[in-house]
Amino acid sequence: MGAPLQSVAVAARTLALLWGKELVGVNHCVGHIEMGREITGAENPVVLYVSGGNTQVIAYASQRYRIFGEALDIAVGNCLDRFARTLRISNEPAPGYNIEQMAKLGRCLVDLPYAVKGMDCSFSGILASVDILAEKLEAGEREGAGKGWRDEGSGQLVTREDLCFSLQETVFAMLVEITERAMAHVGSRQVLIVGGVGSNERLQEMMGIMARDRGGSVFATDERFCIDNGIMIAHAGLLAYRTGEVTRLEDSTCTQRFRTDEVFVKWRD
Amino acid sequence: MTPLQTFHLAHLPPDLAIHVALYTDVQNAPILRDQLLQGNPDFEYALIEASVILSTTHVLAAVFRAANDHLYARLKSRNVHSEIVFSLGANNNIAQSLRTFGITSTTTNLLVIKLSTDPGITALTVSEHLSTSIQGTQVDFNDATLTNMADIAKVRKLYKLGGVEEDGSKGKRRRKDGTEEGSGLIDGASIKDSERVRKELEVAILGLMALKGVV
Amino acid sequence: MNHPPDPPQDPLPPPFTHNQPTPTLLTQGAEALLYRTHFLTPSHPCALKYRPSKPYRHPILDKRLTRHRILSEARTLVKCRREGVSVPGVLALDAEGDGASGGWMMMEWIEGRTVREVLIEGAKRRKDDRDEGVGEEWEEGMRLMMGKIGRVVGRMHEVGVCHGDLTTSNMMLRPLDKVQQNGEATNGEHVRRFGEILQGDIVLIDFGLAGQSLQDEDKAVDLYVLERAFGSTHPEAEEGFQEVLRIYGDSYKGAKVVLKRLEEVRMRGRKRSMLG
């Protein structure tokens, strides 16, 4: 992600100098959150930000978007992508999308490592197990018709679709669980899902069931705004600008280590 | 003659009566045991060796578990009465539990339990049958009587709750404050209060019964 | 954790539908509901922890998780108690549940108040009272209590258990038999009696997030969570917390290494900036 960010920074600085305009630096995640709030009208939701590079559960408190829980190792989107690669699932149009479609055809739930630790979760365990499972699957396929890896419960042959199904059911349950914990902690009933993985319908469905059971609801932005886009940055930037926030040229670097909770959210009280 | 004692336990259906009788000086243990093993339907009781029972709570906890599993059709053993004996054990080995906690041919202190699993079973029918079947002296079922009958060393051994006398202090490391490792209350020889030790033993046993081998 | 109660999600599981009176709901977390009821007879009060099934999860996964968590918590409690760590005893459990309902566990009822409540009330009373005698009694009681906390946490860590949510809400002060709880009297006496509450036993509760670990990191994080809880909720007792660490450091071999590790954890900060 380094090179595109650098290019953007250069372009932004150039335009700012060219046209004599002020610069406003924006946190990527805050961009997602504010876009989500704007589009859905959700007032004060707990936010699940899930993408290839991020997995965080965020709630607003005292002018900060505070991180209540997160993935301790790799982001969920990254986990899905690598899972797809190991199982030789196509990248077109996107690995996550293909996993979602294949999962709809899956039936059998394979036992995968489930790792929620307090308010956080971790995906490296599941990823480690995928290599083993892929091998098991392929070994089974090599054995030929009728033989191969059968599920203990149903006796059916385990397929790639089953693995996709199992992966989703497991990692999404983990995400819903840490979101629910944050909701219980702050006393919120609304959930907002932002980030690319948020466009997954099964995740939305599961989150919706949990939110409804708590007497609340889930908001998911549609595809156009779930995935990274420019307008979310512009929108968040405008919110900040209106409170007088500007970024000096010398401070206008791009950093991937910009934590969401470092931003002073002056435009909310 | 001490009358049969009937209990109703919390959270079990109000009509599920639990009849308990405790005997000492039992003379015909081998016959009773035989009837039980043969599966004589008139002899469907939990016949328990009283010397391995620590307290009323100890055995009633087993009754609770067995009754609960019976109500939800999850019995692992033949019937709810054998399940009571099985529930006393800390693992899933049915045969072992029955051997350890159940009546033996040398049993003299006997605890008898019968659940009213159908309306035909009443305190009257049970006490009538027992009075003709058990050759022994009926005593009150309470903690005092059970304490006198209990073989504590045997109980500890059964549940692997060996105290300092069993393990010895060899191999036990000492912590900075002078106490020994593995110094749960039931291990501490320094604890003079036998009532507290007994309470701790009971707590430990209930925990082991609840976990049932998942350790 | 104080938050507006959510609508009760689930009815009680069997067999807890067979009773009058119905168990009393105490708290409702994300994962479990805690009730007060009794075990076997009305003279034996107990706590009932119920983990309802979660409809958003695949039923097989749900059963597996519920079962695992109930057993894990029970196992941890039994181990702790066996090793002399002051925790509630496990009385009974059903990890499978019946059909669609979740699992449950009954535990020994611990009489008393949480350390959190006692400290908050203590701070309030001291602020309201200007009596000098009060100060010393309270200070001494606090010091001894902190020591007890240090000792019990040390023992827990020594046997390889990390609590996972070590806050003052998860510690009970169980009164000694002779201590009265209401502390109603005149002049400085009422605070002295309240001060006697501090002489009770410390009992650790809620092992729902606990794990078995001998890692210094996990133990240090446990201590850090407690430290932050003191810092944010009981700032006036922050100094007293040093006594917790001091006694902890002396409580077992390897404790001092954990304290060193705690320094590192402090500097890193937990990833979350919000605790307690």
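Consider A:Ala61 against the criteria (1) away from chain C (no Cβ under 14 Å); (2) surrounded by fewer than 17 Cβ atoms within 10 Å (Cβ to Cβ): it satisfies all of them except one. Which criterion is unmet? Answer for A:Ala61: the failing condition is (1).
Flag: B:Asp69 matches the condition of being open to solvent by 10 Å² or more (accessible area, probe 1.4 Å) and either within 14 Å of chain C (Cβ to nearest Cβ) or outside any helix (DSSP H, G or I) (or both). Restricting attention to the range A:50-92, the residues being in a strand (DSSP E or B) and under 15 Å from A:Thr179 (Cβ atoms) number 14. Taking the range A:210-229 as the range and being open to solvent by 40 Å² or more (accessible area, probe 1.4 Å) and within 14 Å of chain C (Cβ to nearest Cβ) as the test, the residues that pass are A:Arg212, A:Asp213, A:Gly215, A:Ser217, A:Val218. Go through the range A:246-267 and give me each residue that's charged (D, E, K, R) and either open to solvent by 50 Å² or more (accessible area, probe 1.4 Å) or touching a helix residue (DSSP H, G or I) at 6+ places or on another chain (Cβ under 9 Å) (or both). Answer for the range A:246-267, where residues must be charged (D, E, K, R) and either open to solvent by 50 Å² or more (accessible area, probe 1.4 Å) or touching a helix residue (DSSP H, G or I) at 6+ places or on another chain (Cβ under 9 Å) (or both): A:Arg248, A:Glu250, A:Asp251, A:Arg257, A:Arg259, A:Glu262, A:Lys266.
Checked against (1) away from chain B (no Cβ under 14 Å); (2) farther than 16 Å from C:Val152 by Cβ; (3) hydrophobic (A, V, I, L, M, F, W, C), C:Met105 passes all but condition (1).
Going by the structure shown, is C:Leu144 surrounded by 17 or more Cβ atoms within 10 Å (Cβ to Cβ) and either at pLDDT 90 or above or closer than 21 Å to C:Gln212 by Cα (or both)? For C:Leu144, the condition - surrounded by 17 or more Cβ atoms within 10 Å (Cβ to Cβ) and either at pLDDT 90 or above or closer than 21 Å to C:Gln212 by Cα (or both) - is not met. Residues in the range A:230-245 that are buried (at least 16 other Cβ atoms within 10 Å of the Cβ) and part of a loop (DSSP other than H, G, I, E, B): A:Glu245 alone. Within the range C:39-81, the set of residues being within 12 Å of chain A (Cβ to nearest Cβ), in contact (Cβ under 8 Å) with a residue 40 or more places away in the chain and hydrophobic (A, V, I, L, M, F, W, C) is empty.
Can we say C:Arg51 is surrounded by 18 or more Cβ atoms within 10 Å (Cβ to Cβ) and at pLDDT 90 or above? Spelling it out, C:Arg51 is indeed surrounded by 18 or more Cβ atoms within 10 Å (Cβ to Cβ) and at pLDDT 90 or above.
Taking the range C:30-48, which residues are open to solvent by less than 20 Å² (accessible area, probe 1.4 Å), of a type in the set (A, V, I, L, M, F, W, C) and outside any loop (DSSP other than H, G, I, E, B)?
Narrowing the range C:30-48 to residues open to solvent by less than 20 Å² (accessible area, probe 1.4 Å): C:30, C:32-33, C:35, C:37, C:39-40, C:46-48.
If we keep only those that are of a type in the set (A, V, I, L, M, F, W, C) too, we end up with C:30, C:32-33, C:39-40, C:46-48.
The answer is C:Leu33, C:Cys46, C:Ala47, C:Leu48.
Per-residue answers, yes or no, for (1) modelled with pLDDT of 95 or more; (2) β-branched (Val, Ile, Thr):
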residue: C:Ala47; (1), (2): yes, no
residue: C:Leu77; (1), (2): yes, no
residue: C:Val87; (1), (2): yes, yes
residue: C:Val118; (1), (2): no, yes
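List pairs: first residue in the range B:126-137 and closer than 19 Å to B:Ile18 by Cβ, second residue of a type outside the set (Asp, Glu) and in a helix (DSSP H, G or I) anywhere in the structure, Cβ distance under 9 angstrom, at least six positions apart or on different chains. Final answer for the pair search is B:His129/B:Phe43; B:Ser133/B:Ile31; B:Ser133/B:Leu32; B:Ser133/B:Gln35; B:Ser133/B:Phe43; B:Ile134/B:Leu32. How many of the residues in the range A:76-122 are within 14 Å of another protein chain (Cβ to nearest Cβ), over 26 Å from A:Gly153 (Cα atoms) and open to solvent by less than 10 Å² (accessible area, probe 1.4 Å)? Total satisfying the criteria: 2. Considering only residues in the range C:81-100 that are touching a Ser or Thr at 6+ places or on another chain (Cβ under 8 Å) and buried (at least 21 other Cβ atoms within 10 Å of the Cβ), the one that is nearest to C:Pro13 (Cα to Cα) turns out to be C:Gly97.
Taking the numbered list (1) among the charged types (D, E, K, R); (2) under 22 Å from C:Leu91 (Cα atoms); (3) not in a helix (DSSP H, G or I) in turn, B:Lys157 passes all entries but (3). Every condition in (1) under 22 Å from the mean Cα position of the chain (by Cα); (2) not in a loop (DSSP other than H, G, I, E, B) is met by A:Phe258 except one, and the failing one is (2).
When only residues in the range C:13-38 that are away from chain A (no Cβ under 14 Å) and touching a helix residue (DSSP H, G or I) at 6+ places or on another chain (Cβ under 8 Å) count, which is modelled with the lowest pLDDT? Give the steps one after another, and end with the answer.
Of the range C:13-38, the ones away from chain A (no Cβ under 14 Å) are C:13-26, C:35-38.
So of that shortlist, the ones also touching a helix residue (DSSP H, G or I) at 6+ places or on another chain (Cβ under 8 Å) come out as C:14-15.
Values: C:Pro14: 78, C:Pro15: 86.
Step by step, filter the range C:13-38, then rank; the result is C:Pro14.
Find the residue count for the range C:82-94, including only residues that are over 14 Å from the mean Cα position of the chain (by Cα) and either of a type outside the set (Gly, Ala, Ser) or more than 8 Å from every other protein chain (Cβ to nearest Cβ) (or both). Working first, answer last.
In the first step, residues of the range C:82-94 are kept if they are over 14 Å from the mean Cα position of the chain (by Cα); the result is C:82-84, C:90-94.
Filter once more, so that each one left must be either of a type outside the set (Gly, Ala, Ser) or more than 8 Å from every other protein chain (Cβ to nearest Cβ) (or both): C:82-83, C:90-91, C:93-94.
Total satisfying the criteria: 6.
Screening A:Gly195 on (1) within 14 Å of chain C (Cβ to nearest Cβ); (2) open to solvent by less than 10 Å² (accessible area, probe 1.4 Å) shows it passes everything except condition (1).
Among the helices (runs of 4 or more DSSP H) contained in the range A:93-199, which hold 1 or more residues that are aromatic (Phe, Trp, Tyr), at pLDDT below 90 and under 30 Å from C:Ala32 (Cβ atoms)?
Values: elements: A:95-103, A:124-143, A:160-186.
Fully inside the range A:93-199 and qualifying: nothing.
The values are calculated or read from the model by the stated rules, or taken from the named source; none is laboratory data. Keep in mind it's a predicted model, so treat the numbers as computed, not measured. Cβ atoms come from the backbone with ideal geometry, glycine included; neighbour counts cover every protein chain shown. Side chains included, ligands, DNA and RNA excluded: accessible areas come from the protein's heavy atoms. Shrake-Rupley method; radii C 1.70, N 1.55, O 1.52, S 1.80 Å.
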